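Structure first, then comments.
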Amino acid sequence: MSDNNSSSSRRNQGEQQPAKAAILCDMCPADGQRAALKTCLKCEISMCGEHLKPHLTTPVLLLTHPLADPLAPGAEGLAGTKCPQHGKLVEYYCLDDMVCVCVACAIEDQHRLHNMKTLPKAQAELREKLPGWEQAVAARQPASTALEQWEKTRREELGRSSALLIEVVSKLRDVALNPVRRSVTTRTAAVTVSGSSIQAALGEKDMFRFLQLCSQVDVERATAVDLRTGLESGEERDKIVQELQLAGKDMLTQATKLWDSVLMFVDPENHHEVSENIFDSCSLGTEMSLSEDYRRVYSSNEPTTIPQTTLMIVSANEEPVHSWTIAVSENCDWTVGLCDNRSDRGYSMGPVLGRYALCLKGDQLSYLTGADNTVIEQSVTPERMSRPESVEVSWSPASFTVSFFSRSSARYGRRHIVSLDVSRDSPPLIPFVALQSTAAHVQEAQEADQQQQRQRELDYEDGFEDYQQQTQILTLLCELS
């Protein structure tokens with residue numbers, strides 16, 4: 001009984017599903033049409049088994065009349081087998097443009113020099129290629145999913161940043177508007193009320209009413225009230241100004257964050273988040289010190305006597321360093337880029353193996369490429385190039401390319417200098433910056449030493465040396481940003 005019920009249920013479900021309309025034979029009588037087995041694309045008729053026989057037995061028809069599974073009239077049926085430009089039957093497939101074409105297209109129009117195949121051969125070739133295409137597309141799917149997730153995450157972050165900025169701007173507006181509105185209302189009321197009372201008193205005949213109106217006139221207040229724009233001077237205004245300054249700083253901070261987020265959302269390749277890169281404290285030279293955040297290097301030496309020093313750059317969160325921006329003192333020549341991590345750790349005078357770097361000597365830029373001791377130096381441009389305010393280095397391990405960009409004080413002012421191909425046989429590379437006083441400053445240092453020696457002889461009796469020993473001036477050498 002249960003089997004019957006199940007069969008009946010399946011039968012009812014089958015009856016509820018709409019059956020695909022059968023393509024009927026166009027050559028059968030209207031009152032006895034049978035289902036078509038094939039459609040002749042040239043004759044543009046669908047035929048049952050009986051009426052199909054001539055197309056299957058006549059050699060000429062077999063060669064010149066292509067048959068297809070039954071097709072219905074319309075854009076997705078027979079009409080789809082016609083060339084939309086010439087109205088002819090499509091008989092070829094252009095593998096260059098991946099489109100079906102007619103004879104006229106293949107001989108006369110833009111496809112005449114393309115790779116053309118008959119439809120059956122094109123189908124066979126494309127069927128062989130499809131598995132490879134499927135693998136190639138599948139390999140891209142994780143990256144596509146990651147891109148969608150990145151877009152969603154960034155869009156949500158932008159929404160939150162926008163909401164915070166609106167909140168901060170509203171607070172700043174309220175801090176300013178409400179006190180000024182109250183102050184203006186109070187001051188103008190002193191003039192308005194007194195003026196209205198005077199006008200009313202001038203036209204009043206009743207003695208008691210006249211005296212009441214006169215009592216509402218405060219001439220002293222109306223003539224003494226401060227009617228200058230803004231708030232009246234005093235503690236309240238000073239307090240509100242301080243509050244506005246704090247709120248304004250919050251607004252600028254939030255607006256900058258939103259601006260940065262929007263730029264990174266649209267152009268992440270050229271607009272990076274603030275890096276977590278720091279200087280390796282073990283690489284400091286003599287008379288050098290680090291800031292608390294490890295992002296600035298100072299020297300107690302005179303700017304003209306900075307010894308040759310190589311500083312290593314590492315990540316604060318122990319992740320690989322792929323991008324960093326550094327600004328170097330004008331007192332220094334520098335070399336910045338990547339070096340072999342086998343380089344000696346006695347950095348002040350130790351060798352730096354395998355360099356891919358940008359070098360500045362005076363105001364002449366050059367780049368270094370090579371492994372071990374076979375480093376080649378070449379000029380960036382024949383012309384002398386202005387000294388970059390800061391240099392951005394971008395290292396792509398996937399493509400084995402390191403690129404250098406000049407950064408200006410203008411926000412996001414960025415210009416490409418050079419890109420270097422790194423040998424795929426290179427050992428692991430780490431960021432570095434090598435510093436040394438410029439040649440001009442070395443000459444200045446020598447002259448300054450001579451001048452100081454003469455000055456010491458003159459000022460020795462005044463305790464010049466004691467003063468010099470007690471005073472220590474730190475010079476900022478370089479800074480990560």
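What follows is calculated from the coordinates using simple rules that are stated; it is not laboratory data. All of these numbers come straight from a predicted model, not from anything done at the bench. Quick reminder, even Gly has a Cβ in these numbers, built from the backbone with ideal geometry, and neighbours come from all protein chains shown.
Calculate, in nm to one decimal, what Lys42 and Glu125 gain on full extension: separation in residues at 0.36 nm each, minus their alpha carbon distance.
Length gained between Lys42 and Glu125: 27.5 nm.
Taking 7 Å along the Cα-to-C-beta vector as the label spot, tell me the Ser419-Asn178 distance in nanometres, rounded to one decimal.
Placing both labels 7 Å along Cα→Cβ, they lie 5.5 nm apart.
Determine, for each peptide in 112-121, 140-149, the mean count of other beta carbons within 10 angstrom over its residues, then list the peptides with the highest first.
Per-residue Cβ counts within 10 Å, averaged per peptide and sorted highest first, yield 112-121, 140-149.
Distance check, please: which entries in Lys38/Lys121; Lys249/Lys361; Lys257/Lys361; Lys38/Lys129; Lys42/Lys129; Lys53/Lys121 exceed 32 angstrom between their Cα atoms?
Cα-Cα > 32 Å for Lys249/Lys361; Lys257/Lys361; rest within.
Run a plain Debye calculation on segment 173-242 (Cα atoms as equal point scatterers, no solvent) and give log10 I(q)/I(0) at q = 0.21 Å⁻¹, rounded to two decimals, same order as the q list.
-0.85
Estimate the FRET efficiency between Leu62 and Gln33 by the formula 1/(1 + (r/R0)^6), using the beta-carbon distance for r and 35 Å for R0, to the nearest 0.05.
0.90
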